[in-house]
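One structure is given here, and the rest of the page talks about it.
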Amino acid sequence: MYAVIQTGGKQYKVKTGEDIKVEKLDGKVGDEVYFDKVLLVSKEGKVTSGRPVLENARVVAKITRQGRGPKIIVFKYKRRKGYRKKQGHRQDFTGVKIIEIEA
């Protein structure tokens, strides 16, 4: 059984017991979160999709960690103009473990 959920402007294919990284969510480690935007559920070979989301379907997950990704260097440069700009960025994320798919 798997489901496709939407969170943080992205879509994720999830299965029960799977660990995934999603965009930063509010909450502490150990808190349960619910994903209500379920786009598709496959159960015992039968696929059900929503228009755009499924009613009465949700995915239950537990927050396992809050963290930051690797540093990305953004360097802008224009030749012969003396323009250089260097920036760094680290994206926040939340690690979640999928507990249950309710459909």
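The values are calculated or read from the model by the stated rules, or taken from the named source; none is laboratory data. Please read these numbers as outputs of a predicted model, since none were measured by experiment. Neighbour counts are summed over all protein chains in view; Cβ atoms, including those assigned to glycine, are modelled from backbone coordinates with ideal geometry.
Taking each residue of the stretch 27-38 that is among the aromatic types (Phe, Trp, Tyr) and looking for partners that are surrounded by 12 or more Cβ atoms within 10 Å (Cβ to Cβ) and not in a loop (DSSP other than H, G, I, E, B) with beta-carbon atoms closer than 7 Å, six or more apart or interchain, yields Tyr34/Arg58; Tyr34/Val60; Phe35/Ile5; Phe35/Thr7; Phe35/Arg58; Phe35/Val59; Phe35/Ala61. Filtered by the rule that a residue be closer than 27 Å to Leu40 by Cα, part of a strand (DSSP E or B) and more than 13 Å from the chain's Cα centre (by Cα), the stretch 66-103 gives Ile99, Glu100, Ile101, Glu102.
Take the conditions (1) exposed (fewer than 10 other Cβ atoms within 10 Å of the Cβ); (2) at pLDDT 95 or above; Gly45 misses just one of them, which is (2). In the stretch 22-42, which residue that is charged (D, E, K, R) and farther than 15 Å from Gly8 by Cα is surrounded by the fewest Cβ atoms within 10 Å (Cβ to Cβ)? The selected residue is Lys28.
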